[in-house]
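A short worksheet on the structure shown next.
The values are calculated or read from the model by the stated rules, or taken from the named source; none is laboratory data. Everything quoted here is computed from the prediction, not taken from an experiment. Backbone-built Cβ (ideal geometry, glycine too); neighbour counts: all protein chains shown.
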Amino acid sequence: MARLELSNLHAEVAEGDEQILEGVDLEVQSGEIHALMGPNGSGKSTTAKVIAGHPAYEVTEGEVLLHLEDDEFGEDIEIDEDQRTWNLLDLEPNERAALGIFLGFQYPAEIEGVTMTNFLRTALNAKIEEREELFEDEDDEDEAEDDEGFENSPMEGPADEGEVGVAEFQGILQEKMEQLEMDEKFAQRYLNAGFSGGEKKQNEVLQAAILEPSVAVLDEIDSGLDIDRLQDVSEGINALRDEQGTGILQITHYQRILDYVEPDHVHVMLDGQIAKSGGPELAEKLEDKGYDWVREDVYGTA
Ligand code: ADP
Ligand code: MG
Ligand code: MG
């Protein structure tokens, strides 16, 4: 179990002083589905990027904390008392990812000659290695440094200690793809080459299934999907929650995906703040009445 906690989060554009987030409060726990809704330009994507540690934004006030429970990494890693709470704002993006935060589209566009399988295995091993470094006992440090000169190319070759090897990874991938009801051929394709919009979104879900994050932030994963793809992607998101207890922060402008990925909590963002929170009924009300209704309700004017 893990809990991501944003409190009084203020952020501005790094190059300049335009304030975008003006005090965001939000808590997402493993196993919960939260919908973050709001009109264009309200600060939804900025919230996602600040959680992930995007360098374009500077946090000027507030906190992003991640609280971990004992069992977070299974038997791999024992969490000490002083390693239960992490201030994500002090950490690099890859360290945040290693602690269990997933933000979609963390992969480059198209890379020639790299299959999805290789890409996903590399991503998983990078996470495992980073996690070992974060939780490493100080006595082990010298040993880890000695190893460094002998690392294999990340894309091929036998696995280092602690890494997932090619054969083992095939098993993991197959299981996850079955879970998501994805076509096996997918994994043999080259990274993003000729992928349709829908396939890219499915890849995003597959990546989250492989990395098993505590909290996945999915920004407009529903945009541009036809109804069949929307259903496939939605089933995948539900599986992340049901099969591996991932908490979901589902960012969306439209109510439509929430018919398939039913949120426990719905939040409406306006002008860089969460203006309203509620249950699924809030999303339905937005569908009927639009965002101006929230603005009127909160500010007394549209
Ligand atoms: P949303 O995802 O809710 O549509 P964003 O978080 O993308 O909104 O943007 C919120 C506001 O901040 C918008 O007015 C946008 O133009 C501005 N903004 C976001 N990122 C930047 C940036 N890197 N540089 C300048 N303005 C930005
Ligand atoms: Mg600045
Ligand atoms: Mg956005």
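Does Ala216 satisfy the condition of being buried (at least 22 other Cβ atoms within 10 Å of the Cβ), assigned to a helix (DSSP H, G or I) and in contact with a strand residue (DSSP E or B) (Cβ under 7 Å, 6 or more places away or on another chain)?
No, not satisfied.
Number of residues in the stretch 179-212 that are closer than 16 Å to Asp242 by Cα and acidic (Asp, Glu): the value is 2.
Residue-wise test of (1) farther than 21 Å from Leu211 by Cβ; (2) modelled with pLDDT under 95; (3) within 13 Å of ligand 3 (Cβ to nearest atom); (4) loosely packed, with under 14 Cβ neighbours inside 10 Å.
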| site | (1), (2), (3), (4) |
| --- | --- |
| Ala35 | yes, no, no, no |
| Ser42 | yes, no, yes, no |
| Pro55 | yes, yes, no, yes |
| Val59 | yes, no, no, no |
| Gly62 | yes, no, no, no |
| Glu69 | no, yes, no, yes |
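Residues to consider are Asp271, Asp242; find the one that is of a type in the set (D, E, K, R) and loosely packed, with under 15 Cβ neighbours inside 10 Å. Before you say what the answer is, go through the steps one by one.
Values: Asp271 fails: loosely packed, with under 15 Cβ neighbours inside 10 Å.
One residue alone meets the criteria, Asp242.
Here Asp25 meets each of (1) surrounded by 15 or more Cβ atoms within 10 Å (Cβ to Cβ); (2) more than 16 Å from ligand 2 (Cβ to nearest atom) with one exception, condition (1). Candidates in the stretch 1-59 are the residues that are polar (S, T, N, Q) and part of a strand (DSSP E or B); of these, the one that is farthest from ligand 1 (Cβ to nearest atom) is Gln29. Between Ile221, Ile248, the distinction of being buried (at least 23 other Cβ atoms within 10 Å of the Cβ), modelled with pLDDT under 95 and under 12 Å from the mean Cα position of the chain (by Cα) belongs to Ile221 only. The residue pairs whose first member lies in the stretch 65-79 and is touching a residue at least 12 places away in the same chain (Cβ under 8 Å), whose second member is surrounded by 15 or more Cβ atoms within 10 Å (Cβ to Cβ) and part of a loop (DSSP other than H, G, I, E, B), and whose beta carbons are closer than 7 Å, counting only pairs six or more residues apart or on different chains, are Leu66/Leu99; Glu72/Gly100; Glu72/Ser214. Filtering the stretch 279-302 to residues that are without any contact (Cβ under 8 Å) to a residue 12 or more places away in the chain and not in a helix (DSSP H, G or I) leaves Gly300, Thr301, Ala302.
A count restricted to the stretch 188-218 and to residues that are hydroxyl-bearing (Ser, Thr, Tyr) and more than 17 Å from the chain's Cα centre (by Cα) stands at 2.
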